[in-house]
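First comes the structure, then the notes that go with it.
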Amino acid sequence: MVISKENAEHYSWGAERHKSFHGSRVVDYMKAMKTTYPESTIRTHVTSLCCVNAPNHHATVFSDFERMDRGVYRIHKLKG
């Protein structure tokens, strides 16, 4: 999930308006969009693979989110 200035407004879980969001909002959004990914996969991406300040336990990581507090994230850096 790469977030750019062009597509950030389409994410209705509040990151663009409130500067931070709870990880469960991403899960809820993905479910509403009828994703085929299991909830555990989505949570792994939010909390680890896409989180800039998470321990690097994966071969490929992204810097989309920054963890602000337990379960609370913000968009780290908009690309583009």
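The H on the amide N of His76, modeled in the peptide plane, is under 5 Å from the matching H of Phe65, Glu66, each at least 5 residues off or on a different chain. Packing here is the average count of other Cβ atoms within 10 Å per residue, and on that basis the peptides 33-42, 66-75, highest first, run 66-75, 33-42.
Read the figures in this text as sums done on the coordinates, not as results from a lab. Nothing here was measured: the structure is a model prediction, and the numbers come from that model. Every residue, glycine among them, receives a Cβ derived from its backbone with ideal geometry; neighbour counts consider all protein chains shown.
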